Amino acid sequence: MTADLVFGSIPSFYREVYDIVCPNQEQVDRDLFVQLLVKSSLPKHVIMQIWDLIDTQQGFMTRNGLYKALALTALAQQGKTVSDKLLETFSGQELPKPSLGDLSDLKAASLKIRRERMPNVLCFDFKDLCDIDSIKLELVPEKKGIILKHVEYEVTSKRHKATVLRRYNDFVALHELLTARFAYRIIPRLPPKKLGASREFIEQRRKCLRRYLNIVARHPQMHDDKLVKFFLTFAGNDVQYKIKEQFRGIPDEFMTSDMASKAKDLVPMDTQQQLAISKEHIKLIHSNVAKFKEIAEGLVCRSTNYATDMLQLGRQFSIMSNDTTPITAWATGTSKTWERLQRGFRILSVDFASIADKSSQAAIDEEEGVVEKLAFFEDLILAYKDLCERHEKGVLHDHQRAIQKMGQYKKKKMSATVQNSDTVAVDQLEQKILEQEGEIANMENRNFYSLHCLQMETQLIYTYLDIFYEIVSCLARVEKETGSELSRIWSAMEPAVSTLSPNKEMINSKYTGLNL
């Protein structure tokens, strides 16, 4: 089929499929395309007919060819005979959507192909990361132990469709194992432990643990690890002991990764320079994120205080409107002001309560949609900073020490040879040098692997920058909706306010039926 696809408009589903089977965004991967056609459940000879019609004999498939294949597949599923002229009847209409079932396995295969072809590119966008999993973490009612009461958390994983109970010490056990298994990856910090913690401290720790799990559960390398899955799904007791028992001594990522053996080839020559530049830029971003978070916390505080003030105003109006103190003509003369004010105050007390509710909800929305997302990104950056320090103080330092130790052995061997020392001693030094060469080679590979991981984790930080869209859009939405609602309530208060006027001789009929 050599002509361009000009018949009919392209459904969004076609573009979704293209994004899956086009790993490099230039040409369609043939292996993925074949898997796609098989999902149609069409007879083999029909699939071959479709293939022959879209095959350009150019050694690759274009976006246009894929769209034609999807349209022809849909028509073939409708029982129509596949031909070159089938699509001509769709002029001005949307092309049909084929039934291909669940494409999640194709997405996984596409991601694997992209990673194999571009090992130095993360191949995840922000949405991909968020779609990996979503963790909810809620407090459960306190349980009193024999000596001290303890806090439990209900952890729910959307991906694993599991809800389990966890204590803080379970998180500590997970953290220790993650740090050992994924030493070259971003591991967020755990919140501190505190005896006799206040309710506010416990709530802040809950949020921090929720951010911790979401960072881990969405990490491109960690999310699919058995250790993480165990923590999110194991429903038995004594989790901190069971998880240590099952995963203690598990090999670290370097020992199990297919990339480890070719890590040296994956590290560009200018990696150290690029890393230094990126660290400085991420440091600048962190500084601004911290300031954004401080400002956002101020917004939440102001919304909360405003809600409190409005609620107190409403209560005071309610108290005054419900006052039943006997007032006689001796005190008031002919004045009806107090009666008139009480009627108006009763209406105003309800309106001020509504304002308090709207402001309180705004504070909640700002906290979850702005402050928490900024805190999430800040946790991620702090974990990246810790990773860089581990690289510099850990594997890089160990590599340098191994080289220094090799130099010392060689000096001792040279000295022993010059002094005609015992050949046994020289042979022992020779053996140590050989062993040290193996150690250096291993350390060198680990250093390169660590640098490769650092590049991927740096890309992870920049991928998560898209979270700012969610932050700003949430802030704009909350401020717009809250401002609009408050404006509406304040405007609706005008009739009630007007009843307070000393010039108002006649009270609006809307309020005359009120009995004080």
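When the chain is fully extended, how far beyond the present Cα-Cα distance does E479 get from A197, taking 0.36 nm per residue of separation?
Details: separation 282, 0.36 × 282 = 101.52 nm, distance 3.36 nm.
Gain in length upon complete extension: 98.2 nm.
Computed packing ranks the peptides 65-77, 204-216 as 65-77, 204-216, most packed first, by mean other Cβ atoms within 10 Å. You can think of it this way: the chain between T256 and S104 has 52.2 nm of extra reach, that is 0.36 nm per residue less the Cα-Cα gap.
In this model, which of K158/K207; K112/K136; K39/K97; K264/K393; K229/K293; K127/K262 are farther than 22 Å apart at the alpha-carbon?
Violating the 22 Å limit, Cα to Cα: K112/K136; K229/K293; K127/K262.
If you wrap the tightest convex hull around every Cα atom of the stretch 112-187 and split its volume per residue, you get 123 Å³. Projecting label points 7 angstrom from Cα along Cα→Cβ for N503 and Q49 puts them 8.7 nm apart. Evaluated over the Cα positions of the stretch 265-389, the convex hull gives a direction-averaged projected area, one quarter of its surface, of 11.3 nm².
Label-to-label distance for N322 and S134 is 4.1 nm, based on points extended 7 Å past Cα in the beta-carbon direction.
Evaluated at q = 0.11, 0.24 Å⁻¹, a Debye calculation over the C-alpha positions of the stretch 197-287 (equal weights, vacuum) places log10 I(q)/I(0) at -0.59, -1.20. Computed over the alpha carbons of the stretch 193-245, Rg followed by Dmax gives 13.5, 37 Å. Looking at the stretch 284-352, the accessible area is 64 square angstrom per residue; that uses a 1.4 Å probe and ignores ligands, DNA and RNA.
Length gained on full extension, Q272 to T332: 13.0 nm, using 0.36 nm per residue less the C-alpha separation. With a cut-off of 14 Å on the backbone N, the residues of the stretch 326-361 near the modelled label site 7 Å out from A492 along Cα-Cβ are 347-359. Share of carbon and sulfur in the accessible area of the stretch 26-122 stands at 50%, probe radius 1.4 Å. Among the trypsin sites (Lys or Arg not before Pro) within the stretch 223-324, those in coil by DSSP and having at most 16 neighbouring Cβ atoms inside 10 Å are R248. When the trypsin sites (Lys or Arg not before Pro) in the stretch 90-187 are filtered for DSSP coil states and for at most 10 other beta-carbon atoms within 10 Å of their beta-carbon, the remaining sites are K161. For the stretch 211-294, the carbon plus sulfur part of the accessible surface works out to 50%, probe radius 1.4 Å.
The values are calculated or read from the model by the stated rules, or taken from the named source; none is laboratory data. Predicted model only: the values in this text are computed from it and were never measured. Neighbour counts run over all protein chains shown; Cβ positions are idealised from the backbone, glycine included. When the accessible area is computed, the model is the full protein with side chains, heavy atoms only, and any ligands, DNA or RNA have been set aside. Shrake-Rupley method; radii C 1.70, N 1.55, O 1.52, S 1.80 Å.
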